[in-house]
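The values are calculated or read from the model by the stated rules, or taken from the named source; none is laboratory data. This one's a predicted model, so the numbers in the text were calculated from it and none came from an experiment. We place every Cβ from the backbone using ideal geometry, glycine too, and count neighbours over all the protein chains shown.
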Amino acid sequence: MKKKIIILHLIAPTMMGGAERVLLHIAAMIDRSRFKLIIGSFVNVRRRNNKFIEQLENRKIPHTVFWMKKTLDIDNIFRIIKFIKKNRVDIIHTHGYRSDIIGFLAAKGAGIPIVSTIHGFVPSSRKLRIYQKCDVFFLKFFNELIPVSNQLRMTLIKSGIDSGKITLLHNAVDVEIRHEKTGGPGLLNQDALNIVKERGDFMIGVVGRLSPEKDIPNFLNAASILVKKFKHLKFIVVGEGPEKENLINLASEPGLKDKVQFTGFVNNIDMVYPLLDLLVISSRTEGVPLVMLEAMKHCVPVVASDVGGIGEVIENKKDGLLVPPADSEELAKNIEHFVTDSAFYEIVCSRARKKIETRFNSNIWINKIEKIYLDHVVGGCQADG
């Protein structure tokens, strides 16, 4: 009798960022007749309220919590080994430096293979740069690494990791649209969100974690340039994060007041895209952001910083616009192109949607992930003992 291959995913969720959403997508797409997925989350004992855990519970995804008393709680190594043996886990799949390090030591202790998805490195502080160096050291000994962009792949190779154990796999999305955008700019569809959008408004948004690497002040600076020329523009900031208070203060400056709305965390992100006429990604560093793929899927054009793996998805002036990071004037100029040129707007929307269907379709993506599991579990589906 054959048993399912059991995968333990490990992640340290702080907020609902890209890695967390990718993992939820894996859980939704994986073939449950062949695989059983369990998610283990590292959560600080002093911060028990966690949006990601809420999502796991709401979706009834098998999961467990490994409570942390400090950044790298080594006691969790032994807890995970015990969990692996009790649940007959076949392979570990990690996401992020904390999960990589603790997961690797547990996998070696239990004698099972380990793979990691590399979502991106954010060396924005001395502490994070140290963590990245430690992470890369341990990644050298993993069975397989899955960077989400070629830029990350090259970073791993330059760090001395064998290219033979690296498989490039861009993020992907379900191409089905469940909240259809049935109009062009100015569509009124507020759904259940607390967003004010009147007919004729052109809504420009950023979606994601409100953290320094996303450089949302750059977006707000571009907004302050644009509102002087166009009265029908409105701006929306979707997400939570440590920069929220600072961003709200910036948005209260003269000229922007009453033009910028903050939604906070949105449980169902698919509700946002029908409201948007344009998505902006103003980041200083990125992997391949899911929000970019989701917007393109919903026929919402994208203006994005040309960083990380973004240029591996968007072909500039064909299916989106790329701008230098930290350049508010250039960002405003490219946003204006979509505001004023409706023909260009429609062409980009059509091309973007087609690219998602053909190159970033999650059906192909999940098949590749499943093959990686099969390649590293001896004999594929093991005999049930």
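Quick notes on this one:
- Among the residues of the range 73-99, those identified as surrounded by 17 or more Cβ atoms within 10 Å (Cβ to Cβ), free of Cβ contacts under 8 Å to residues at least 60 places away in the same chain and over 22 Å from LYS36 (Cβ atoms) are ASP73, ILE77, TYR97.
- Residues of the range 331-346 satisfying the condition of being among the aromatic types (Phe, Trp, Tyr) and in contact with a His (Cβ under 9 Å, 6 or more places away or on another chain): PHE344, TYR345
- Restricting the first member to the range 318-329 and to residues that are farther than 12 Å from MET296 by Cβ and assigned to a helix (DSSP H, G or I), and the second to residues that are at pLDDT 95 or above and among the polar types (S, T, N, Q), the beta-carbon pairs closer than 8 Å and six or more apart or on different chains are SER328/ASN218; SER328/ASN221.
- Exactly one residue out of MET292, MET271 is of a type in the set (A, V, I, L, M) and at pLDDT 95 or above: that is MET292.
- In summary, strands (runs of 3 or more DSSP E) completely within the range 225-311 and bearing 1 or more residues that are within 19 Å of MET16 (Cβ to Cβ) and of a type in the set (Ser, Thr, Tyr) occur at 260-264.
- Meeting the requirement of 1 or more residues that are in contact with a strand residue (DSSP E or B) (Cβ under 8 Å, 6 or more places away or on another chain) and more than 30 Å from ASP215 (Cβ to Cβ), the helices (runs of 4 or more DSSP H) wholly within the range 65-155 are 75-87, 97-110.
- Close pairs from the range 330-355: first over 15 Å from ALA295 (Cβ atoms) and in the same structural domain as PHE235 (by TED's automatic domain parsing), partner polar (S, T, N, Q) and buried (at least 19 other Cβ atoms within 10 Å of the Cβ), Cβ under 7 Å, at least 6 apart: LEU331/ASN218; LEU331/SER282
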